[in-house]
Ligand code: VG1
Ligand code: CO
């Protein structure tokens with residue numbers, strides 16, 4: 001067997017976004033498209049000889065083929081060993097876990113996360129470094145630059161190895177280890193949470209429904225919730241991964257996970273509901289007739305963290321992305337620990353976690369995680385809630401309402417305008433950027449603007465500067481309006497409008513969030529003319 005050097009030409013637009021390179025499958029299927037991007041990553045890494053690489057993905061269409069191509073390219077670049085999930089399957093948190101546990105050089109994750117799959121859907125790829133976390137912007141910028149000048153890529157001419165049986169084989173001078181997709185990850189969960197207490201909870205008749213959304217979380221949920229913790233069969237629904245996720249958006253929010261919401265809001269609802277996304281790094285937590293806002297979930301886990309064995313010693317700090325509600329900041333203040341506000345995307349949490357400055361992290365987009373790995377982690381968050389329910393014996397809604405009573409409620413909502421035209425979306429952001437420069441101190445409706453800017457972040461560890469991370473308008477009472485353009489969409493532009501309003505008075509905690517936030521939404525529209533500019537009279541999705 002030999003190494004082929006294949007001539008290629010650069011593809012435009014291989015710039016990684018919020019979380020790796022995401023494009024339509026049709027774009028990825030162009031000959032050389034995936035190969036070019038992987039070559040650019042390997043070239044940017046430099047000398048790969050003797051190193052270990054982890055490869056796995058969320059099982060979407062093209063996952064298996066792409067895995068084979070990457071293994072052949074890894075052999076050509078001199079990697080000593082590749083750890084591959086069985087059938088090419090590894091959730092994003094499992095890749096992070098496996099990288100760390102086996103001391104790998106890094107890993108490639110094949111996923112477009114919550115984006116739809118199938119031949120007409122999306123595909124994605126991203127590189128995580130030896131800490132298990134998404135490569136920093138400095139690295140992804142270098143990869144993008146490299147994609148612009150590629151003239152060739154290197155690949156083994158051997159046929160891709162079979163990935164269906166667990167075990168180790170030699171492949172063109174490299175060791176290919178097909179590993180159980182779940183085992184390492186499940187073992188780590190067992191160290192963090194009180195599995196015996198959760199098992200006793202299930203044994204006492206506690207009921208749960210987990211919606212795998214036909215994505216990669218299913219196998220993990222079957223193994224952990226049903227086999228290890230004894231939840232009855234049927235606890236996991238839509239638990240078999242499908243290449244097209246059954247035609248749905250594998251996005252755990254009340255809109256896309258409508259089946260779970262119907263169950264949880266129906267008669268005879270189970271005690272607890274949960275779902276995760278395409279690559280199982282997101283989570284949604286649902287009680288009877290109550291979907292927990294992700295920002296609240298982060299705050300609640302932080303306030304109660306010491307109930308879980310892995311966090312018994314307390315938290316070092318809490319980090320949240322800028323658009324995420326400030327509920328977690330209130331908890332941090334009460335605990336006397338620092339809180340951090342980072343740009344959107346998990347890569348910005350990496351340094352804080354590595355430096356031991358933060359223990360818990362979260363994003364409003366149904367992402368929660370901790371220092372156990374360097375990715376957000378859906379099953380982890382669900383286990384944390386199960387541990388909390390077992391430790392307190394209280395239902396989800398009581399835990400949420402008691403949290404609001406103690407800390408106040410941060411009414412929160414995100415309005416997404418998906419696949420709008422790029423030019424008007426960018427014009428709107430440009431105009432807002434100008435406008436916010438003079439907004440501080442002015443009156444908007446019943447609010448006074450305390451601070452308005454285009455969010456910039458200086459990493460406290462390596463001092464890297466990230467600019468242009470979203471327009472934020474912060475009122476003197478802490479209410480906020482945030483505008484961002486998505487960095488994960490694959491069609492046109494997606495505008496995200498984030499609204500937050502704090503309410504201390506428990507007598508006003510049962511309002512409909514959309515009603516509570518209506519005055520802020522009206523101000524946002526007035527400032528941006530978002531709807532008239534995009535020609536949309538309502539958001540595509542409200543969460
Ligand atoms: C979205 C979310 C962001 C998240 C990112 C990746 O990015 O808003 O919070 O980190 O997706 O999550 P954007 O740029 O579209 O707003 V996942 O589960 O799609 O890897
Ligand atoms: Co995801």
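Details
- Order of 537, 370 under a 10 Å beta carbon neighbour criterion, fewest first: 537, 370
- Gyration tensor verdict on segment 177-319 (Cα atoms; rounded if a/c is under 1.5, prolate if a/b is larger than b/c, oblate otherwise): rounded
- Panel order for 138, 24, 394, by other beta carbons found within 10 Å of each beta carbon, from fewest to most: 138, 394, 24.
- Counting only DSSP beta bridges whose two residues both lie in segment 176-324, roughly 50 percent are antiparallel.
- Per-pair calculated FRET efficiency, R0 = 51 Å: residue 464 and residue 510 via Cβ, rounded to 0.05: 0.75
- Segment 124-194: C-alpha gyration tensor shape, a/c 1.5 cut-off, then a/b vs b/c: oblate
- Separation of segment 137-159 and segment 225-265, taken as the distance between their Cα centroids, equals 37 angstrom.
- For segment 3-181, the fraction of alpha-carbon pairs in successive 5 Å shells from zero, as %: 1, 9, 19, 23, 24, 16, 6, 1
- Kirkwood-based shape ratio for segment 322-364, expressed as Rg/Rh from alpha carbons: 0.93
- Cα principal axis extents for segment 393-543, largest first, Å: 50, 38, 34
- Placing dummy labels 7 Å off each Cα toward the beta-carbon, the span from residue 431 to residue 258 is 3.3 nm.
- Radius of gyration over Kirkwood radius for segment 17-71, both on Cα atoms: the Rg/Rh ratio is 0.96.
- Descending by average beta-carbon neighbour count within 10 Å, the peptides 178-184, 299-305 line up as 299-305, 178-184, the highest first.
- Whole-angstrom gap from segment 277-348 to segment 208-222, using each part's C-alpha centre: 22 Å
- Placing a label point 7 Å from the Cα of residue 5 along the Cα-to-Cβ direction, the residues of segment 149-170 with a backbone N closer than 16 Å are 150-157.
- Relative exposure of 361, 48, judged by other C-beta atoms within 10 Å (fewest first): 48, 361
- Rounded to the nearest 500, the 222 nm mean residue ellipticity of the chain from helices alone is -9000 deg cm²/dmol, with -39,500 (n - 2.57) taken per DSSP H run of at least 4 residues.
- Of the beta bridges in segment 3-181, as assigned by DSSP with both residues counted there, near 55 percent are antiparallel.
- Fraction of antiparallel bridges per DSSP, the chain only, in percent to nearest 5: 70 percent
- The label point for residue 355 and the one for residue 204, both projected 7 Å from the Cα toward the Cβ, are 4.2 nm apart.
- Between the alpha-carbon centres of segment 450-486 and segment 386-411 there is a gap of 29 Å.
- Cα-based shape type of the chain, given that a ≥ b ≥ c are square roots of the gyration tensor eigenvalues and the cut on a/c is 1.5: oblate
Read the figures in this text as sums done on the coordinates, not as results from a lab. Predicted model, so just to flag it, every value in this text is computed and none were measured. All Cβ positions, glycine included, derive from the backbone under ideal geometry; neighbour counts span all protein chains shown.
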